[in-house]
Each structure stands twice: as structure tokens, then as C-alpha cells.
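What follows is a set of notes on a single structure, which appears directly below.
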Amino acid sequence: MPQHDNRYQVRKAAVDSILQDRSESPENCATAFAPVNIALCKYWGKRDPILNLPVTSSLSVSLPPLGSTTEIRIGADRDDVTLNDEPITPQSAFASRVVDFLDLFRTARDLRFSVRTTNTVPTAAGLASSASGFAALTLALDRLFGWDLPPKQLSILARLGSGSASRSVARGFVEWHAGSATHGADSFAEALACTWPDLRVGVIDVDFGRKSQSSREAMQRTVDTSALYHSWAQKVADDLAEIRSALHAHDFERLGAAAESNALGMHATMLGARPPILYWLPGTVKAIHRVHQMREDGINVYLTIDAGPNVKILFTKNDMSAVQAAFPGLTVIAPFDPECPTLPTDSD
Ligand code: PMV
């Protein structure tokens with residue numbers, strides 16, 4: 001274990017402050033599910049890259065049943081990680097990130113873990129699974145050790161795996177409070193008390209296969225080099241206030257407009273980085289134009305884009321057929337409607 005490593009020590013202290021009062025009664029095996037989430041107001045930039053403490057707050061919507069189911073087992077003589085039934089080589093970046101996280105939870109007995117994760121995100125859905133993956137792993141660890149932690153503390157632990165994972169331990173609309181403490185005890189996500197049964201989220205396949213630059217690197221370069229980043233905190237404060245107010249008023253146009261403006265603003269900060277970061281492909285721009293044309297034609301559809309080329313659209317149940325006609329093969333998710341299928345529609 002990397003006990004002399006400063007990064008490890010800082011993260012371990014954050015974990016210990018949460019687990020200090022907890023008694024452990026480990027099971028041999030535990031399983032948990034956590035949903036994918038998509039930010040309507042983005043997290044872009046860390047004030048502390050070791051503890052994944054964000055510069056600003058952010059707000060997302062969870063997209064179950066898309067997400068990760070993770071089983072964790074103790075008793076093996078070495079760590080092993082399986083993803084979608086494929087064993088993952090310990091040298092891979094994926095396995096290292098998981099093991100690095102697990103290092104924080106080995107007790108005095110120096111436990112080894114077997115982790116099996118299955119993503120119910122269709123492999124090609126273009127939705128980042130690190131958020132659901134680290135949230136599911138955190139929830140599974142909580143069950144494995146019998147800690148029974150409250151949601152706030154689960155969110156803090158998941159944040160140490162991936163910033164956006166802090167939002168995937170909760171369901172529905174979720175706000176991650178940036179906090180200001182250096183140790184991060186006030187930087188956690190919590191569910192908002194509102195739902196939107198008619199809300200639909202569509203995922204447009206621009207390029208699902210592309211291996212793009214990691215959000216971790218891109219975020220840091222933006223913070224370090226982009227002059228446009230100086231305006232980002234104020235933009236997030238304005239957009240968050242607008243999104244909270246639109247949720248409260250159940251005003252879809254205001255919600256969509258603020259979410260779209262926030263996503264485009266995030267990409268503008270990346271374009272200002274040196275060297276610049278551009279995740280968009282020709283298909284991204286085509287989808288943006290199509291969404292804008294639809295709005296001109298009177299259909300209330302808005303877009304958001306994360307650290308990749310794929311476009312996600314926000315609309316309501318009423319406009320389902322118009323949206324499906326414009327984007328054949330769209331994967332549609334109904335975050336608050338368990339009755340609605342989440343499979344791709346007929347492919348073109
Ligand atoms: O948690 P990370 O390191 O995967 O970063 C997520 C960054 C965005 O997806 C672009 C924005 C967000 O708030 O989820």
C-alpha cells in the first residue's frame with residue numbers, strides 16, 4: 001500500500017474522518033447499483049485535484065436504469081477487477097483507478113478485493129460510466145463493511161473516486177455543493193425535492209467509439225491556461241440559480257435554455273485553453289444545428305454536451321414523436337418514469 005505517498009495520506013485522512021465512529025461487521029460479498037447522471041449545470045474545474053474538490057457547485061439528473069451494478073468480495077489473495085464479464089489487466093488505467101480507490105478502504109488486515117462491475121449503460125450509449133461505477137463501488141463497500149453511512153458521507157467517499165460520482169449516489173435531480181473547507185467535509189451532493197415525470201433525455205450517437213481526451217486532464221488544462229475560465233464561476237452561479245428556479249416553477253423552457261447555455265459555456269472555456277480543447281466533431285455541430293432548427297420550428301428541445309463529441313438532448317414527453325423523427329435510433333431515457341422503456345428506438 002502506498003502509505004508514504006502524500007496523495008494517499010490526504011485521501012486516507014478524508015476517509016478516516018468519515019469512518020472513525022463506524023463499527024465494521026464485514027460480509028464476504030455485497031452488491032449495489034448506482035445510476036449514471038448527466039449534469040444540467042456542469043462541474044468543470046477542481047480547486048483540489050487530490051480530493052476532487054470542485055471550483056463550483058453543479059446540478060444533475062440521474063438516469064436510471066442506466067448505471068453500474070458492482071459486486072465486491074473479500075477473501076482473495078490479490079485484487080482483481082472485472083468489467084462487463086471481462087477480466088481487466090491490473091496494468092490498465094481503469095484497474096489502477098479502482099485499486100487506488102480500494103487502497104483507501106483496506107483495514108489493518110490488508111484485505112484484497114474482487115470487484116465485478118456490469119454497466120447497464122448500453123456499451124455504445126456515450127454516457128460516462130465512471131460516475132455510476134465509483135458510486136456503485138462506494139455503496140457496495142458500505143454494505144460489505146456494514147457501515148450504514150448516511151447519504152452525505154457516501155457522496156463524499158464516492159467523490160474521491162470521481163468528482164461526478166458524488167452525484168450518482170443519489171437519485172433524481174441532485175445538487176453537488178462545492179463547499180469551501182480544505183478537507184472537503186462540506187463538498188457533497190444531495191437530492192432535490194422535486195421530480196419531472198414528463199422529462200426525457202435523448203443520447204445522440206455522434207461517435208460512441210472515439211477515445212477522447214480524459215476529462216481529468218482537460219479540466220486541469222482549462223483551469224490552468226484558459227482566460228475564459230475566469231468568468232466560469234459567475235456563469236455557474238447564474239445558471240444554477242436559474243435552473244433551481246426553473247425546476248421549482250416546472251418551467252421546461254427556462255430549464256432547457258439554462259442547461260444548454262451552461263454546457264456551451266463550459267466548452268467555450270475549453271476552447272480558450274492553451275493548447276485548445278475541442279471535443280466536438282462535424283456530427284456534433286450538425287446535431288446542434290438540428291436542435292436549434294427544431295426550436296425555430298416550435299419544438300422545445302435543448303442540448304447538453306459533456307467531455308466528448310456526443311450530444312444529449314432534453315425534451316418532454318409531448319414532443320417524443322417529433323424528436324424521434326428528427327433523430328432516428330435515439331436512446332431515450334425517462335428519468336422519473338419507470339414505465340417508460342429506455343432502449344434505443346428503431347434504428348435508421
Ligand atoms: O467526474 P469527472 O472527472 O468524470 O468529470 C465530469 C465532467 C463533466 O461530465 C464534463 C461535467 C459533469 O458535471 O458531469
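Listing for the model above:
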item	result
For the stretch 138-264, alpha-carbon Rg over 2.2 N^0.38 Å	1.22
Using a Förster distance of 41 Å, the FRET efficiency for residue 5-residue 192 (Cβ separation, nearest 0.05)	0.65
Under DSSP loop assignment and at most 10 Cβ neighbours within 10 Å, longest trypsin sites (Lys or Arg not before Pro)-free interval of the chain	212-348
Magnitude of the charge dipole, the stretch 53-189, Cβ model with Lys/Arg +1 and Asp/Glu -1, debye to 20	160 debye
Burial order of peptide ranges 129-138, 49-58 (average beta-carbon count within 10 Å, highest first)	129-138, 49-58
Rounded tilt (10° steps) of 6-19 against the dominant C-alpha axis of the chain	90 degrees
Farthest positive-ward along the chain dipole, Cα basis, beta-carbon charges - from 212, 252, 134	212
Surface share of carbon and sulfur [accessible, 1.4 angstrom probe, percent] for the chain	51 percent
Cα gyration tensor shape of the stretch 246-311, rounded if a/c is under 1.5, else prolate or oblate by comparing a/b with b/c	oblate
Unit charges at the beta carbon, dipole of the chain: most positive-side option, 182, 95, 320	182
Helix axis angle, 151-161 relative to the chain longest principal axis, alpha carbon, degrees	90 degrees
Given charges at beta-carbon only (K, R positive; D, E negative), |dipole| of the stretch 1-98 in Debye	580 debye
Virtual spin-label span in nm between residue 21 and residue 317, 7 Å along Cα→Cβ	4.3 nm
Degrees separating the helix 252-271 axis from the principal Cα axis of the chain, which is the longest one	70 degrees
Per-residue SASA entry for residue 8, accessible area with 1.4 Å probe, Å² rounded to 10	20 Å²
Unit charges at the beta carbon, dipole of the chain: most positive-side option, 155, 13, 196	13
Total charge dipole magnitude, the stretch 171-287, about the Cα centre, Cβ charges on Lys, Arg, Asp, Glu only, Debye to nearest 20	440 debye
Computed [θ] at 222 nm, deg cm²/dmol, the chain (DSSP H ≥ 4; -39,500 (n - 2.57); rounded to nearest 500)	-11000 deg cm²/dmol
Whole-Å semi-axes of the ellipsoid equivalent to the chain (Cα gyration tensor, √5λ, descending)	33, 22, 19
Candidates per GluC sites (Glu not before Pro) in the stretch 21-130, loop by DSSP, up to 14 other Cβ within 10 Å	24, 27
Net charge over other residues, Cβ less than 11 angstrom from the Cβ of residue 262 (K, R count +1; D, E count -1)	-2
Label-point gap, in nm, between residue 29 and residue 92 - each point 7 angstrom along Cα→Cβ	2.2 nm
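The values are calculated or read from the model by the stated rules, or taken from the named source; none is laboratory data. Just so it is clear, the structure is predicted and the values come from calculations on it, not from any experiment. Glycine also receives a Cβ, built like all others from the backbone with ideal geometry; neighbour counts cover every protein chain displayed. Note: areas computed on protein heavy atoms with side chains; ligands, DNA, RNA excluded. Shrake-Rupley method; radii C 1.70, N 1.55, O 1.52, S 1.80 Å.
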